[in-house]
Each structure stands twice: as C-alpha cells, then as structure tokens.
Amino acid sequence: MRIQSNAAAAAGPIVHALLAGLLLAGTGTAIGQDDRWPDLEKCELSAAGGRITVSARCGTLSVPENREQPDGRTLDLAWAVIPARSSTVEPDPVVFLAGGPGQAARDIAPIMQGPFGDVNRTRDLIFLDQRGTGGSNALACEFDEELMMAEDDFDELERQLRSCLDELDAEVEHYATRDGAADLDALRAELGIENWNLVGGSYGTRMAQVYLREYPDRVRSMVLDGVVPSRLRLGSEHAEKLDQALERLFEACADDAACAERFPGLADRFVELKAQYAEQPLAIQVTHPRTGVAESIDFSDETLAGSLRFLAYAPESQMMIPYLIHEAATTGSPERLAAQALIVGDQLTDTLAIGLNFSVGCAEDWPHWPAGRDVSGTLLGNSMQELYGRICAWWPADPVGVEFFEAFSSDVPVLLLSGERDPVTPPEYGDEAARQYANSLHLVAEGRGHIVVTNGCIAGIATQFVDAGSVDDLDTECMESIGPEPFFLDLLGPSP
C-alpha cells in the first residue's frame, strides 16, 4: 500500500467520517422518490450480460449536436438516477463518468451501485450516457473478436471503420470530451443542482478533470480511479505501460515459491514466445468459450500482444497469464490463451462504442502525439501510433489546442486511486495528478489492476470521502490488507 496526501491539513485516521455523514444528512430535504422524480420512468439497468441489475429511473436530455448551431439538429441523451434511499436527501448527488472512451455510464450503474451503496443512502447516483455511447446516439461499430486481437490487420480494420462511419447518423466531430462535459453541465442545470460530486474511471478521469476545469464552481469533490493525467495523450504510452505491468507480474511470480516452481524462467519463456510468433505465425482453431463456434486464427506476435493486453486489466485474469504463457511455451499450443482473450475481446466489443473512441482520439490525442516516439521493442510495438495515424487521416475531427493538456490548479478535494499492476493507468500517473491538486490524497492498491474502487476497503474510503467532502482524517488502515489475487497454477483455479 502507498498513500500520498497533498491535503492542506492531514491528520491520522480517526472514526470521524460516519459522524460527519450523519450531521450532513440533517441538511437535506425530506421528500419521497416518486415526488422527486415524477417525470422519469422506472427502469432496470443491467451489466455483465444481465447477471447484475439495479432498479433506477430513466429519462432523456435534449441538447444541440453542434452547440455553435443551437437551432440545428438535437440529440436525446439517455440518463438514469438511482434515487437515495433515505427520505432526507443531500442536495449534491454523485455523478459517474465511464471509461473507454466509448463506455456508457448507465452500463456501469449496477456495478457502481454496490461500492457506493452507503453513499446512496442519502445521495442520488446519476449516470449520463456520454454522447456517442449507450442510449445517446452511440457511435457503435461491430468487429470480429479476432480483428480486435490482431492489431496489425489495419487494412481490414480501416475498411470496417469506413463502412461504419458511412452508416453513423452523426456529425462525429462534435463527439469529443468538451462536448460531453457541456452535456453534463446541461443536465446539472436542467435538474437545478448547484454542485455535485464526480466519480470518474479511466477515460472518465479525463472527462472529470475537463469538467472541473471548465465548470470549477460546480464540483464539490472528485474521485479519480485509474488516473489519466492532464498532459497524457491517450494511447501514446500504452506499449511501455503494458510491458511494465507484465514485468511486475513476472517478478511477482518469481518471488512466489509455488508460481516459480510451477513456471520456471517465465520471463525468458515470454521472450521466446514473442520471437517465435513474430517469425512464424501459427494457424490454430479455437472454440469460442461463449458461442461454442470453432474459429480459425493466425496466432502472431501481434495476436499475442492483443491477448495479453486484454487479460492484463483485471487482477483475476492477470493471475492466469503465467499459466497461459507457460502452457503456450512448453506445449506449442496457444489455443487456451487465445480462447481466454476471445472472452475479454467479446466483452470489449459489446460494451465500447468504438466510433467514439476515434472521435475523441482524433480530436484530442493524435494531433498532439509525442513526436519521434518509437516503441518497436515492446510487446505492442508501434501499433497504437500506426493505427491512429491511419484512421485519423480521414476520421472527421475538430482538433483541440495544446492548452487542452495543460495542468491547472484547483482546491476541490480529490481522491486519487491506482492499482499497483495497472497496465494502462499505473500509479505514477496518480502521483503526477496528485502534484496538480493541492487538496488531494493518492491511494495505491497493492497487487491490483485497472479500476480499484470496487474493492470493499476502497469503496469504504470513497464513501468516507464523499460524505465528508474532504481528504482529511480518512481511515485508510484497511489498505494494508489489500493484496494480489493468487496465481493460477493449474486448470482447477487459483492456488489456495
């Protein structure tokens, strides 16, 4: 565990947040849910293929697609609220900003309702699908899972993206982060909310920070989980950070007696696999774990990269990587590795609006991509640079200026969360953002991956933070108990 605080006055942990929450609850307004949301329909939101659901109230917000033409085409943006359970409700709700870019906020509602269940006692939880996602005119494109893994097949990917763009009913140049932030504030104004608390995950942390910069008086507190620092061009450091996460995982295996004995020389086996599949891709048949359909895949070093990139996000799938690499290296069969990656790739294509990913990337990141960057020696290589360079040459975009990436100061309380083994937004990003915000606390969860607020301990800390509206005096002792998942030593599951 690592804790870094920039709060103006940081004291030791005391049992204070609960009392603060009870005192604050007395300032709200007693009113029934039906009276508070009379114009919204009851709805059921689902996630994880329908396995997790939550009851909510759903509505739409009408906004101009192009704010420079307020009388032109409008968009109906989908949003939902999980009303506070208490009859006494705080005036500052919590609004959730999803990742991607391309994930819909309403899709994470069933997941976020769990860790923020205590917050939801006295505060409404609000989820607005960013324009271009979910129920807000999604810029959705469908791809084969194999294409998502084989990141070198740019000809086919470009062909499919051009076809997708032709079919989209949208002026996609108006679907970037600032557009989404303006939509968010339009919802706030529509609901008559003075200010609210932001919770952003991954790309959602960029959205949160852009909103804070442009509407500084509208934010009471901010939780950033999987932090994107202000200066980062999304995608430009993916290759180095994935290699870094894998190196840390291999080192952890070498330091674990059971893992080291079961998978000796893991780092060397990995290097050999990369070289082997780069020199001679292997034609394999993989039965899709979800559909049961056999699929033909040319397993190359690019496919290996795509597979491991997907698996490296969550701590549970991370701990399967040593077994899968060892099996592929010793048996010459990467089928199981490919099958596991197909599951994750399938979930990715189902949950992300890929068109929005390029609308954001081509407007914000690619125009300011770091010059001369060469990461050809990494697992991902220069695939991100080649992909953006190719697609952004024709994808409609309104490029931002360099000031978009400049750090700014704010006294708003900020809780920053990182996973020690996050392959895309590692702890050093949280450290960087913490230097920007004078009133901040950065927590690093040992052994965890991308997005950590769903951990029970961290959810409790986030609850304290939102209730108090301060990083001072948070009880973070439980962080000491957080650690990695056990390694998978065989097909029976993780080691005991």
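Bear in mind that the values in this text are calculations on the coordinates, not laboratory data. These figures come from a predicted structure and were not determined experimentally. Note that each Cβ is placed from the backbone with ideal geometry, even for glycine, and that neighbours are counted across all protein chains shown.
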- For the range 80-137, evaluate the Debye formula with one uniform point scatterer on each Cα (no solvent term) and list log10 I(q)/I(0) at q = 0.18, 0.23 Å⁻¹, rounded to two decimals. -0.58, -0.83
- Item | For the range 267-340 and the range 383-445, distance of Cα centres in Å | 30
- Can you tell me the FRET efficiency between S163 and S376 if r is taken as the Cβ-Cβ distance and R0 is 30 Å, rounded to the nearest 0.05? 0.50
- Query: In nm, to one decimal, how far is the modelled label at R36 from the one at Y215, with both set 7 Å along Cα→Cβ?
  - Reply: 1.9
- Item | Rough spin-label spacing in nm, given labels placed 7 Å along Cα→Cβ, for V402 and D76 | 4.5
- Please arrange F250, F143 by counting, for each residue, the other beta carbons lying within 10 Å of its beta carbon, fewest first. F143, F250
- Note on the structure: hull vol. (C-alpha, convex hull) per residue for the range 247-383, Å³ -> 136
- Query: Which FRET efficiency, nearest 0.05, do D490 and A254 yield, Cβ-Cβ r, R0 25 Å?
  - Reply: 0.85
- Message: Taking 8 Å as the Cα distance limit and 6 or more residues as the minimum spacing, I'd like the relative contact order of the range 66-216 as a percentage.
- Response: 32
- Note on the structure: Per its Cα gyration tensor (rounded if a/c is under 1.5, else prolate when a/b beats b/c, else oblate), the range 186-282 is best filed as prolate
- Message: At 7 Å along Cα-to-Cβ for each site, give me the label-to-label distance between S87 and D475 in nm.
- Response: 2.9
- Query: In the P(r) worked out for the range 254-323, what percent of Cα pairs fall beyond 17 Å?
  - Reply: 57
- Extension reserve of the E386-E65 stretch, reckoned as 0.36 nm per residue once the Cα distance is removed: 112.6 nm
- Message: For a quick check: sort S62, S55, S202, S359 by the number of other beta carbons within 10 angstrom, fewest at the front.
- Response: S62, S55, S202, S359
- Reduced Cα scattering model of the range 318-394, Debye log10 I(q)/I(0), q = 0.18 Å⁻¹: -0.94
- Message: Could you tell me the relative contact order of the chain? Use alpha-carbon pairs under 8 Å, at least six residues apart, and round to a whole percent.
- Response: 22
- Message: Quick check: the angle from helix 238-255's long axis to the longest principal axis of the chain, C-alpha only, nearest 10 degrees?
- Response: 70
- Note on the structure: The percentage of Cα-Cα pairs in the range 224-272 separated by more than 16 Å is 53
- Any chance you could check the Cα centroid distance between the range 165-203 and the range 211-264 for me, in angstrom? 25
- Query: What does a probe at S55 reach in the range 114-132, counting residues whose amide N is under 17 Å from the point 7 Å along Cα→Cβ?
  - Reply: 114, 117, 120-122, 124-125
- Task: Please express the shape of the range 116-266 as an equivalent ellipsoid: the semi-axes are the square roots of 5 times the eigenvalues of the C-alpha gyration tensor, given largest first in whole angstrom.
- Result: 35, 27, 14
- Message: Viscosity 1.306 mPa s, temperature 10 °C: what is the translational diffusion coefficient of the chain from Stokes-Einstein with a Kirkwood Rh over Cα pairs, rounded to a whole number of µm²/s?
- Response: 67
- Calculate, in nm to one decimal, what D155 and E171 gain on full extension: separation in residues at 0.36 nm each, minus their alpha carbon distance. 3.4 nm
- Message: How tilted is helix 335-351 with respect to the longest principal axis of the chain? Cα atoms for both, answer in degrees (0 to 90, nearest 10).
- Response: 30
- Tell me what the chain gives for mean residue ellipticity at 222 nm when only DSSP H runs of n ≥ 4 count, each as -39,500 (n - 2.57), the sum divided by the residue total, rounded to 500 deg cm²/dmol. -11000 deg cm²/dmol
- Message: How are the alpha carbon pair distances in the range 276-355 distributed across 10 Å bins from zero to the largest one, expressed in percent?
- Response: 18, 52, 27, 3
